[in-house]
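Asks: Quick one: this structure, given as structure tokens, is what I'll be asking you about.
Bear in mind that the values in this text are calculations on the coordinates, not laboratory data. These numbers were taken from a predicted model, which means no experiment stands behind them. Please note: Cβ atoms are built from the backbone with ideal geometry, for glycine as well, and neighbour counts cover all protein chains shown.
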Amino acid sequence: MARAENIESMRTLCQDLVDAGFASADEVVGCTAEEIAQIVSTALDGFPVPDEYIAFLEVLGRGAGSFFVGTDLFYPSLLEASEAAADISSGSGEVLSLRDRFFFGHHQGYKVYFFDRGSEAVYAYQEGTPENQLLADSFLAFLRQAFELQKNLRGA
């Protein structure tokens, strides 16, 4: 997808979040260009951050109401994802590799979300679970799946 299409897809998701009551329009806040540059700079060895993720940051990277509440997926807390991954990987029996990955979120320090180099798929690793979990083939698909799950849980 082209960059403009990614932005439009994120805006459509935002409208769906507002329509479903997850956020008001003023609670959907994107990151500034400086914040996005800061986030991208955390990618080691020139990791190619997927365009869908950049579009997410531009459109709703600072927050979207109660969407993903309890998960550090938004700026600035997402900056702690690499540290959370390093903490998990240092644990006894953990097999989480930090190489060729971009960690973009975490859930309460025991679960991290990431991209592998050369793939736009979204993965998770949970402490105590010795394998990576493929969550979605793209970042937008990951967000859409989470939206549908959260919507069903709320009965929205």
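Asks: Summing Lys, Arg as +1 and Asp, Glu as -1, what charge do residues with Cβ under 11 Å from the Cβ of Glu80 carry, Glu80 excluded?
Replies: Here the count lands on -3.
Asks: Moving on to the next point. Could you compute Rg(Cα) / (2.2 N^0.38 Å) for region 3-154, with N its residue count?
Replies: 1.00
Asks: Roughly how many Å is it from the Cα centre of region 1-55 to that of region 96-125, as a whole number?
Replies: Measuring centre to centre over Cα atoms gives 17 Å.
Asks: What residues qualify as long-range amide H neighbours of Gly105, i.e. H under 5 Å apart, gap of 5 or more or another chain, H built at 1.01 Å from N?
Replies: The list, which skips near neighbours in sequence, is Tyr113.
Asks: Let me ask another. State, as an integer percentage, the relative contact order of the chain based on alpha-carbon contacts under 8 Å between residues 6 or more apart.
Replies: 20
Asks: Further question on the same structure: Sorted from fewest to most neighbouring beta carbons within 10 Å, what does the list Arg101, Arg117, Arg154 look like?
Replies: The most exposed by this proxy come first: Arg154, Arg117, Arg101.
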